[in-house]
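The structure appears right after this line, and notes come after that.
The values are calculated or read from the model by the stated rules, or taken from the named source; none is laboratory data. This one's a predicted model, so the numbers in the text were calculated from it and none came from an experiment. Quick reminder, even Gly has a Cβ in these numbers, built from the backbone with ideal geometry, and neighbours come from all protein chains shown. To get the accessible areas, we keep the full protein, side chains included, count just its heavy atoms, and leave off ligands, DNA and RNA. Shrake-Rupley method; radii C 1.70, N 1.55, O 1.52, S 1.80 Å.
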Amino acid sequence: MIVAEIKPIEEIAESIKNAKKVLVAGCGGCVTVCLSGGQKETDIMASALRMKMEVDGHPVKIETATYERQCDPEYVVRFKEHLKDVDVVVSMACGVGVQFMAENYPDIIFVPGQNTKFAGAAVEHGIWEERCMLCGECVLAKTGGVCPIIRCSKSLLNGPCGGSQNGVCEVSKDTPCGWQLIYDRLKGQGRLDMMTEVLPAKDWSKNRDGGPRKIVREDVRL
């Protein structure tokens, strides 16, 4: 799940100060789950912006609309009916949704209402931790389902390093050693022999930083 957090209201207000009509667009996907961009948060953002703009002497007409996703044409097209006379859209989606909406409505100014942080999982209610770096070359089958790129502070593919003491990373006493986690998992599965396999250097050209990627999914036939 992509995790995001709401931007400071002052930053968003600065981006819409010259607008006459604004749409705050919510997303019913990941950002709804992480409690930052769903219908509730979208309505709160709109209300806060109305008050902020009024206080700043720049009153703006602000409306809201929320659909299931902003990264899918099927749902993006539904925003069209809400965009009449809109100068700026404050998208409460992740960075992917903001960009996809902007591509589909190029004549309208889009500003992000959130900072996209990482791909993570809920470790407990209201707390999310990063679990995937989107590196494009997954090695979880060889590491017991524990990602060494994210869980190891140094992203070592063959660890642990000398800084691991008593299962804790030298970076912080609150940070577990990623390779200790891998060791424990493989030991519990009776697969410690996997630790002897040397993983090759990662091909970082497949990483998210290597440029935009396009994946075409084909039917899988056995």
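State, to one decimal in nm, how far the label point of residue 134 lies from the label point of residue 196, with both points 7 Å from Cα in the Cβ direction.
Spacing of the two 7 Å Cα→Cβ label points: 3.9 nm.
Expressed in nm², what is the orientationally averaged projection area of the convex hull enclosing the Cα positions of the stretch 1-80?
For the stretch 1-80, the mean projected area of the Cα convex hull comes to 5.2 nm².
Roughly how many percent of the accessible protein surface of the stretch 1-88 is carbon and sulfur, given a 1.4 Å probe and a whole-percent answer?
Carbon plus sulfur share of accessible area: 52 percent.
Using a probe of 1.4 angstrom, how much of the accessible area of the stretch 99-142 is carbon and sulfur, in percent?
Carbon and sulfur atoms account for 56 percent of the accessible area of the stretch 99-142.
In square angstrom, rounded to the nearest 10, how much accessible surface does residue 44 have for a 1.4 Å probe?
100 Å²
Which peptide among 66-74, 49-57 comes first, and what is the full order, when sorted by highest mean count of other Cβ atoms within 10 Å?
66-74, 49-57
Show me the ranking of peptides 191-197, 33-39 by mean Cβ neighbours inside 10 Å, starting with the highest.
Packing order, densest peptide first, comes out as 33-39, 191-197.
Assuming a viscosity of 0.692 mPa s and a temperature of 37 °C, what translational diffusion coefficient in µm² per second does Stokes-Einstein assign to the chain, Rh being the Kirkwood radius over Cα pairs?
My calculation gives 163 µm²/s for D.
Which pairs in the list 20/40; 142/187; 21/80 are over 19 Å apart, alpha-carbon to alpha-carbon?
20/40
Each label point is 7 Å from the Cα along the Cα-to-Cβ direction; what then is the distance between the points at residue 125 and residue 61, in nm?
The modelled label-to-label distance comes out at 4.1 nm.
Would you mind working out the accessible area per residue for the chain, using a 1.4 Å probe, and quoting it in Å²?
In whole numbers, the chain has 60 Å² accessible per residue.
Relative contact order (percent) for the chain, with alpha-carbon contacts under 8 angstrom and 6 or more residues of separation?
This gives 18 percent for the chain.
Could you compute how fast the stretch 88-218 diffuses translationally, taking Rh as the Kirkwood radius over C-alpha pairs and applying Stokes-Einstein at 20 °C with viscosity 1.002 mPa s? Give it in µm² per second.
123 µm²/s
Return the distance in nm (one decimal) between the two label points of a simple spin-label model at residue 85 and residue 187, each offset 7 Å from Cα along Cα→Cβ.
Taking the simple label geometry, residue 85 and residue 187 are separated by 6.8 nm.
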